[in-house]
Amino acid sequence: DKAGHKHFMAKEIAEQPTVIAEALGHYLSAEGEISLPEPGLDFTSVDRLTMVACGTAYYACLTAKYWFEQIARLPVDVDVASEFRYREPPVPARTTALFVSQSGETADTLAALRYCNGRADRIVSVVNVPESSIARESDLVLPIHAGVEVGVASTKAFTCQLSVLFILALKAACDRGEMDAATLADHVSALRSLPSVLSTALEANQEMQKAALKLAEARDVLFLGRGLMYPLAHEGALKLKEISYIHAEAYASGELKHGPIALVDKTVPVVVMAPRDALFDKTVSNMQEVMARKGRVILVSDKQGLAEAGDGAFATIELPTVPDAVTPILYAIPAQLLAYHTAVAKGTDVDQPRNLAKSVTVE
Ligand code: M6R
């Protein structure tokens, strides 16, 4: 049932404020304390986290790496499952292996999990389907409570994965003595503000539709971001490829001059994800390099960011201002909606894009 929406993807995008609130309710007490399902996880015995996944779940892991490293000072490796399983990497002592999968049935992710069984100290999974194979073979299961996701393009599962992984990074920071109570309270309140700021972001549809018309004409699209926006740039590019069949690539903004800027001309839209954070000026200077080569910039930022750097952009998308750490969860909305409106403009099959399956249970 599409609940009045044209596509399951639109419905699932719109559900995000509700399902994130649901997910938060399972991991945060009324007093703002973090609670994990049994048997829990004490990060004082963890020296390294190895995260493995495919597709969108992999980009959730890449985002979480920034959180675990910056907030909890815990070293993290992230791998795509199909590489990890055949590379057979050494698993150092005191490593926890963490697998992220919406379906819990992805063949490569399951094989990577089995490789870690007996090598890592423990197997943790972040899944949407608690009865899945990946969940059954884990020592600790962290459900994301997103509800059934029908659209092949993963949307609400991504933001729920991020929400749960962020809470896990906060838990790691507390266990490792890297976070005081006041800072934890600030992060928890940032999380709790998400359902309402996501609802606001979902209303900013007009600018997204305008930008999508530009994207729909393009053969190639670049997505740029730094820090927490870098994995999100990948997620935006993946969404666009999957459902609109437009070639899209993501780069860390700082990589632009190491090659991809050679692609830029007036036919190449460049989506820049840049909240007004500590790296904003750096990203803006990369954006100006794009503009100087007549690239059509679609700048996604907040009020202050757009006031400082919005001039000259082909389109701007304004999002609410939120604390830096939670920006990936908010900026996922335009990543999803830009792809969605582009696909609708092109008339492709949004929910069942060609050649793709919802769950990749064979290699
Ligand atoms: O069920 P999983 O999360 O393990 O699936 C992983 C990928 O197949 C999945 O995220 C895929 O990339 C999506 N179609 C992305 O929208």
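The values are calculated or read from the model by the stated rules, or taken from the named source; none is laboratory data. On a predicted model such as this, the values are computed, not experimentally measured, just so you know. Cβ placement follows ideal geometry from the backbone for every residue including glycine, while neighbour counts extend to all protein chains displayed.
General remarks:
- Criterion applied to 309, 292 was being free of Cβ contacts under 8 Å to residues at least 40 places away in the same chain, in contact with a helix residue (DSSP H, G or I) (Cβ under 6 Å, 6 or more places away or on another chain), over 21 Å from residue 237 (Cα atoms) and away from the ligand (no atom under 16 Å from the Cβ), and the one residue passing it is 309.
- Condition met for residue 200 (under 28 Å from residue 345 (Cα atoms) and among the β-branched types (Val, Ile, Thr)): yes
- Only one of the numbered conditions (1) assigned to a helix (DSSP H, G or I); (2) in contact with an Asp or Glu (Cβ under 7 Å, 6 or more places away or on another chain) is not met by residue 145, and that is (1).
- Leading residue by the ranking (nearest to the ligand (Cβ to nearest atom)) among those in region 86-120 that are under 12 Å from residue 54 (Cα atoms) and touching a Leu at 6+ places or on another chain (Cβ under 9 Å): 101
- Test result for residue 62, of a type outside the set (Asp, Glu), more than 16 Å from the ligand (Cβ to nearest atom) and at pLDDT 95 or above: no
- Those residues of region 1-18 which are in contact with a Phe, Trp or Tyr (Cβ under 8 Å, 6 or more places away or on another chain) and either closer than 17 Å to residue 199 by Cα or among the aromatic types (Phe, Trp, Tyr) (or both), in sequence order: 9, 10, 13
- The set of residues in region 153-184 that are surrounded by fewer than 19 Cβ atoms within 10 Å (Cβ to Cβ) and in a loop (DSSP other than H, G, I, E, B) comprises 176, 177, 178, 180.
- Unique match (being hydrophobic (A, V, I, L, M, F, W, C) and in contact with a strand residue (DSSP E or B) (Cβ under 8 Å, 6 or more places away or on another chain)) among 81, 14, 10, 107: 81
- Of residues in region 137-179 being farther than 30 Å from residue 349 by Cα and among the small types (Gly, Ala, Ser), the one farthest from the ligand (Cβ to nearest atom): 177
- Selection of region 216-246 for residues being in a helix (DSSP H, G or I), more than 16 Å from the ligand (Cβ to nearest atom) and within 15 Å of residue 273 (Cα to Cα) yields 229, 230.
- With respect to the conditions (1) within 21 Å of the chain's Cα centre (by Cα); (2) more than 16 Å from the ligand (Cβ to nearest atom); (3) more than 24 Å from residue 220 (Cβ to Cβ), residue 304 falls short on a single one, namely (1).
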